[in-house]
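A.B. asks: Encoded as structure tokens, here's the structure I'll be asking about.
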């Protein structure tokens, strides 16, 4: 074979090999791709947080004592509250710290007495009662102004 023929044959073989490689990659990617969105049921397409999936039930007084940190904060307070921490002591006292989104953010602290009756949590005499629900290591406090989900934490 002449040198020019070898180059042409090599170039043709290389082009053909690249075409096959491209087709092979397209074929493999077709088998490993994600499901089309119409395959997944409409109600299963949203990302659901643990809080959204919780089976909330009315809380009991024994569930309250402990240290908590906030998860979701909804309602009027959500615009200014970045994070909440509560410690409920079993003697009826509590202390709390709120990270407020001022510039720069700062902590505000509060202490007082808590009381639980009729499914409502009262944080001091002047506070509005909050409906209290629980699920596993979470408490959810709800008022007309909004909701906050608290996660049980531990002191180390």
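Rule-based calculations on the coordinates, nothing more; no lab input. Values in this document were obtained by computation on a predicted structure and should not be read as measured data. Here the Cβ positions follow ideal geometry from the backbone for every residue, glycine too, while neighbour counts run over all protein chains shown.
A.B. asks: Please work out how much length the chain gains when fully extended from residue 144 to residue 56, using 0.36 nm per residue of separation minus the C-alpha to C-alpha distance, in nm with one decimal.
C.D. replies: Contour length minus the Cα-Cα distance gives 29.9 nm.
A.B. asks: A further question on this structure: Kindly state, to the nearest 0.05, the FRET efficiency for residue 102 paired with residue 74, given R0 = 30 Å and r defined as their beta-carbon distance.
C.D. replies: 0.90
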